[in-house]
Each structure stands twice: as structure tokens, then as C-alpha cells.
Amino acid sequence: MPQVTLTVNGKSETVDVEGRTLLVELLREKLGLTGTHVGCDTSQCGACVVHVNGMSVKSCTMLALQTEGAAVTTIEGLAKPDGTLHPMQEMFREHHALQCGFCTPGMVMSAVDLVQSHPEGLTEQQIRHGLEGNLCRCTGYHNIVKAIAAAWPLMHGKAMPEAAE
Amino acid sequence: MYDFTYLKPSTLPEAVSLLSSDTEAKALAGGMTFIPVLKQRLARPTKLVDLAGLGLSGISVAGGKVRIAAMTTHMTVADSPDVQKAIPALAKLAGGIGDKEVRHRGTIGGSLANNDPSACYPSAVLALGATILTNKRIIAADDYFQGMFATALEPDELITAVEFPVPEKAAYMKFPNPASRYAIVGVFVAKFPTGARVAVTGAGQSGVFRHAAMEEALGKSFSPEAVGNVPTDAENLNSDIHASAEYRAHLIGVMARRAVAAAG
Ligand SMILES: Cc1cc2nc3c(=O)[nH]c(=O)nc-3n(C[C@H](O)[C@H](O)[C@H](O)COP(=O)(O)OP(=O)(O)OC[C@H]3O[C@@H](n4cnc5c(N)ncnc54)[C@H](O)[C@@H]3O)c2cc1C
Ligand code: FES
Ligand code: FES
């Protein structure tokens with residue numbers, strides 16, 4: 001059986017997989033990291049979003065074997081070891097950006113990538129465009145957008161630039 | 001998903017020989033189309049040959065041409081200052097494909113090999129008169145697209161790069177499906193010293209096509225007014241749950257007018 005060696009949330013793992021094993025299956029079924037969800041079979045909902053080498057991807061649409069040597073971060077890897085939440089998680093809580101919570105792990109991982117990849121700032125419209133790959137059937141998105149805008153200054157350690165507003 | 005053997009060769013000749021020695025072996029690029037197909041058991045390859053190790057990624061601009069290697073992701077094209085400067089319409093098109101997770105993985109080579117009738121890139125390739133470079137030959141855009149999901153590619157032929165001539169102006173306008181962002185109708189217009197080219201995606205029963213009447217009208221006057229009233233025959237257009245053929249015919253006029261306006 002093929003093997004894949006990768007780093008998940010900072011820890012090196014070597015796992016037996018099949019050719020067809022998806023990254024999300026490796027995370028949930030082999031490593032017990034069930035924070036990453038599966039919400040569709042059409043690659044559209046984004047509940048499964050994780051970071052591979054710092055970039056947000058849909059773990060339901062990537063083979064486990066494609067992550068050989070990669071560094072994967074899941075929702076479980078965001079908070080500090082002492083339990084302090086990541087600023088994005090904290091802002092989701094503060095702004096009531098979740099209801100049932102099913103979409104939340106993917107939303108948060110997608111949002112962290114969005115904020116990290118826009119050091120110049122983000123407009124509300126850019127945030128909405130950046131969430132096109134994440135569906136939420138509960139919140140109506142407004143509070144998610146607010147949470148992301150509120151997390152930007154915390155993650156970049158400065159106020160959001162005026163021009164980006 | 002049926003099981004298969006996953007292979008990741010490190011040279012192009014190796015990849016080609018894996019594909020030509022087994023007709024049931026298939027290439028894998030970003031997987032944004034092929035993995036969903038596999039999940040639905042619509043294909044049953046024996047081997048998946050991952051092209052990610054071949055060094056087929058990158059963008060260069062020289063001699064009035066933008067060359068994009070096959071494994072370059074949509075995100076890389078969208079963010080490329082070189083593409084933004086030379087053919088801004090192409091960077092914008094790439095930035096509007098799917099969502100950012102799809103753009104992080106999906107590639108130009110995969111999109112063109114797949115030739116989905118609602119995909120965005122085929123319209124840019126056809127309207128700009130680009131050239132498809134493969135491991136075997138060079139294929140002109142006008143010869144490459146051969147109907148829905150059909151191309152001039154042979155089973156063991158791999159796209160290595162695409163070369164786009166830089167136009168005087170160009171723009172792409174898409175009326176997206178709100179869930180997937182695929183084009184319900186997308187129109188790419190380009191103006192060259194030799195004339196205008198217009199390609200329509202999302203609408204045709206046999207995939208992307210050039211709109212001769214619009215090209216003629218724009219050849220006389222490259223203006224939104226010139227193109228907005230050119231009618232499109234609904235006969236050979238798609239009807240599905242998203243839009244009727246008549247509605248698509250109407251949208252082609254609207255998208256073309258907006259594209260010409262955006263091209264300036
Ligand atoms: C949710 C979602 C939304 C999307 N929205 C859009 C959209 O708005 N517009 C749009 O245009 N597309 C859209 N797509 C499709 C996306 O652009 C895909 O990336 C693209 O169609 C396929 O590229 P890929 O690199 O993922 O190829 P893969 O899925 O890996 O491969 C597709 C096919 O091409 C073959 N192939 C791949 N590379 C080569 C090569 N170099 N030479 C020969 N054959 C090759 C493979 O064997 C396979 O048959 C969407 C996809 C998803 C999942
Ligand atoms: S589970 Fe829906 S996009 Fe991955
Ligand atoms: S909070 Fe329920 S799906 Fe988003």
C-alpha cells in the first residue's frame with residue numbers, strides 16, 4: 001500500500017493510504033481530525049477547506065498522495081497549544097459569525113488565508129468575493145464578513161488601511 | 001471512487017511514456033475537474049499521472065506574446081503583474097474562475113484539455129488566437145476546440161504551454177452561474193490591428209465558438225453600439241435549467257456590449 005509523509009498541524013505523520021484516498025479522508029479517518037467537514041460532493045461548499053503549504057484548498061478535491069512532503073494546517077491547528085483561540089476564531093465568536101457551525105471550520109480556514117494574502121487591506125466587497133468558495137445555509141454571511149474585517153487588524157497588528165475601506 | 005495507481009513522474013518524456021503505454025492511464029493537473037469526476041465514478045483510470053513534478057509552471061512575456069506554462073494555476077495568472085500589464089483581460093478572467101480554492105489548484109492546461117462548454121479560458125484562447133503547445137506539436141486555437149469536451153489532443157498528448165498574442169485591447173464579460181461561477185454566457189472580445197475577434201463560451205451546443213457577425217461589426221467600428229444589436233440565432237444554443245437558448249442568445253448581446261465597453 002502506498003504511504004504518504006506530511007506534516008499536519010506541525011506534527012510529522014506517515015500514513016498508509018490508497019491511490020484514491022482524499023486528503024479529507026486522511027485527516028478525518030486516519031488521523032481523527034474531524035474538525036474538517038464534508039458538506040458536498042461537487043467541490044462547491046468549502047466545509048473541507050484546509051491550508052496546504054499556507055494556501056487554502058478544498059481537502060475533498062485533493063488526493064492524500066498529492067500532499068507528500070507538504071505542511072497541512074487544519075482548524076485544530078489554529079489555536080495556540082494553551083487553548084488561546086486564533087484571532088479569526090475569536091472574532092467569529094465575538095461577532096456571532098456561526099449558527100449551526102457546520103461551515104465554520106472551512107469558513108475560518110478560508111478567511112485566514114484571505115486576510116494573510118491581503119496585507120494591503122480588504123474591502124467588504126473583496127471579503128465577499130473571497131468567500132465565494134464557502135457556502136453557509138444559516139448566517140446570511142453578514143456576520144462572517146464583519147468577523148473577517150475585525151480579524152484583519154488583529155492579524156496584521158495595525159489598523160486596516162483607509163484606502164481599503 | 002474506484003482505486004487507481006498514483007504516479008508522479010519528474011520528466012515530461014516519462015509522463016508521456018506512462019500515458020502511451022497504457023490507454024487507461026490519465027493525466028492529473030489541478031484535479032478540480034477530474035477528482036469530482038472520479039468521485040462520481042464517471043471515469044475509471046488504471047493510473048493517474050500527476051503532472052505537478054514536471055516543472056511545467058510559469059509565465060513569460062516576450063516578442064508581443066504571453067506564454068503561460070500548462071500547470072500554472074488560475075491564481076498565479078490572476079496575480080501576475082506581467083499578465084496584468086500585457087493582457088489585463090486575461091488576468092481578470094483567471095481571477096473570476098470558480099472561487100479562490102479552485103484558483104489555487106486549477107490550471108490553464110487542465111481547463112483547456114477538458115474544454116468544458118462553460119469554461120472561461122477557451123473563450124480567451126479562441127478570441128486572442130492563441131497557440132497551444134504540446135509535447136508533439138503546435139496547435140492553432142481555431143483548430144484546437146472540436147466540440148463539447150472535445151479537443152484536437154491525442155490520448156497521450158500533453159499541453160505544455162499556451163502562447164497568447166498581445167492585443168490592442170480586450171475584455172471578458174461573464175454572466176456566471178451563481179453557485180459554480182461557470183459561465184452561463186461568457187464573451188471575450190479582442191481588437192488587433194488586423195481586426196476584431198469575438199469568442200462566446202457557455203452558450204453553444206458544441207462549446208466555445210467565434211461570432212462572425214459581431215467580428216464583422218466590430219471590424220467596422222469597435223464600439224458597444226456596433227455590437228449590442230447584432231442578433232444571435234438561438235438555434236444552436238444550449239437550453240438547460242439555468243437558461244433557455246433564447247435567453248442565452250440575448251445574454252450574448254448584453255455581455256458583448258459590456259465587454260467592448262470594458263475594453264475601452
Ligand atoms: C467549484 C468549481 C467552480 C469552477 N468554476 C469555474 C469557472 O467559473 N470557470 C472555469 O473556466 N472553470 C471553472 N472550474 C473548473 C476549473 O477551472 C478547473 O481547474 C479546470 O477546468 C480543470 O483544470 P485542472 O488543472 O483542475 O485539471 P484536472 O481536473 O486535473 O484535469 C482535467 C482534464 O484535463 C486533463 N489534463 C490536465 N492537464 C493536462 C495537460 N497539461 N495536457 C493534457 N491533458 C491535461 C486531465 O487528464 C483531465 O482529463 C470550476 C471548478 C470547480 C470545482
Ligand atoms: S466538501 Fe464541499 S467543497 Fe469540499
Ligand atoms: S453556520 Fe450553519 S452552515 Fe454556516
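Sorted from greatest to least, the principal axis extents spanned by the alpha carbons of the range A:82-165 come out as 34, 33, 18 Å. Summarised in one figure, the compactness ratio Rg/Rh of chain A, Cα atoms and Kirkwood Rh, is 0.98. Rounded to the nearest 20 debye, the dipole size of the range B:1-141 about its Cα centre is 180 debye, using +1 on the Cβ of Lys and Arg and -1 on the Cβ of Asp and Glu. Per-residue packing, averaged as other Cβ atoms within 10 Å, sorts the ranges B:233-239, A:92-98 into the order A:92-98, B:233-239, beginning with the highest. Counting only other residues whose beta carbon sits under 13 Å from that of B:D143, what net charge do I get with K and R as +1, D and E as -1? Spelling it out: positives minus negatives among the neighbours equals +1. Computed from point charges on the beta carbon alone (+1 for Lys and Arg, -1 for Asp and Glu), the dipole magnitude for the range B:180-235 about its Cα centre is near 260 Debye. With the helix formula -39500 (n - 2.57) applied to DSSP H stretches of n ≥ 4, chain A reaches a computed 222 nm mean residue ellipticity of -8000 deg cm²/dmol. In this simple spin-label approximation, B:D142 and A:D82 carry label points 7 Å from Cα along the Cα→Cβ vector, and these lie 7.0 nm apart.
The Cα center of the range B:23-56 and the Cα center of the range B:205-224 differ in position by 35 Å.
Placing +1 on the Cβ of every Lys and Arg and -1 on the Cβ of every Asp and Glu, with no other charges, gives the range A:87-159 a dipole of roughly 140 debye about its Cα centre.
Shielding by partners for B:94-100, please: the mean number of other protein chain Cβ atoms within 10 Å of each residue's Cβ. Show your work: numbers first, answer last.
On the way: counts 0, 1, 2, 0, 4, 13, 15.
Per residue, the average neighbour count from other chains is 5.
Near A:S110, once Lys and Arg are set to +1 and Asp and Glu to -1 for all other residues with Cβ below 9 Å from its Cβ, the sum equals -2.
For the range B:169-263, the alpha carbon positions stretch 39, 25, 21 Å along the principal axes, listed from largest to smallest.
Summing Lys and Arg as +1 and Asp and Glu as -1 over all other residues whose Cβ lies under 10 Å from the Cβ of B:A15 gives a net charge of -2.
Counting every other Cβ atom within 10 Å of each residue's Cβ, B:T46, B:T151, A:T104 order from fewest to most as B:T46, B:T151, A:T104. When you filter the chymotrypsin sites (Phe, Trp or Tyr not before Pro) in the range B:1-100 for DSSP loop state and at most 12 other Cβ atoms inside 10 Å of their Cβ, you are left with B:Y2.
Remark: mean inter-chain Cβ contacts per residue of A:52-62 equal 5, using a 10 Å Cβ-Cβ cutoff to other protein chain atoms.
Here the Debye sum runs over all C-alpha atoms of the range A:3-77 as equal scatterers in vacuum, and log10 of I(q)/I(0) at q = 0.13 Å⁻¹ comes out as -0.30. For the range B:19-103, the relative contact order works out to 20 percent when only alpha carbon pairs closer than 8 Å and six or more residues apart are counted. Pairwise Cα distances in the range B:1-68 exceed 17 Å for 49 percent of all pairs. Name the shape class, rounded, prolate or oblate, that the alpha-carbon gyration tensor gives for chain B, where a ≥ b ≥ c are the square roots of its eigenvalues, rounded holds for a/c under 1.5, and otherwise prolate holds if a/b is larger than b/c and oblate otherwise. Because a/c hits 1.5 or more and a/b exceeds b/c, chain B counts as prolate. Normalised by the number of residues in the range B:175-249, the average gap of Cα pairs under 8 Å and 6 or more apart makes the relative contact order 23 percent. The mean sequence distance of close C-alpha pairs (under 8 Å, at least 6 residues apart), as a share of the length of chain A, puts its relative contact order at 23 percent. Equivalent ellipsoid of the range B:59-165: semi-axes from √(5λ) of the C-alpha gyration tensor, largest first, are 20, 16, 12 Å.
Is the shape of the protein assembly as shown best called rounded, prolate or oblate, per the rule: a/c under 1.5 gives rounded, else a/b larger than b/c gives prolate, else oblate, with a ≥ b ≥ c the square roots of the Cα gyration tensor eigenvalues?
Judged from the Cα gyration tensor, the protein assembly as shown comes out oblate (a/c at least 1.5, b/c at or above a/b).
Farthest toward the positive end of the dipole of the range B:103-249, out of B:F175, B:A203, B:F149, is the Cα of B:F175, where the dipole comes from beta carbon charges about the Cα centre.
Computed from the Cβ-Cβ distance with R0 of 56 Å, the FRET efficiency linking B:A213 to A:T7 stands at 0.50. Here the Gaussian network model covers chain B, with springs between Cα atoms less than 10 Å apart; of B:S223, B:S17, B:S123, B:S17 fluctuates the most.
Rule-based calculations on the coordinates, nothing more; no lab input. Keep in mind that this is a model prediction, so the values were computed, not measured. With ideal geometry, Cβ positions are generated from the backbone for all residues, glycine too; neighbour counts draw on all protein chains shown.
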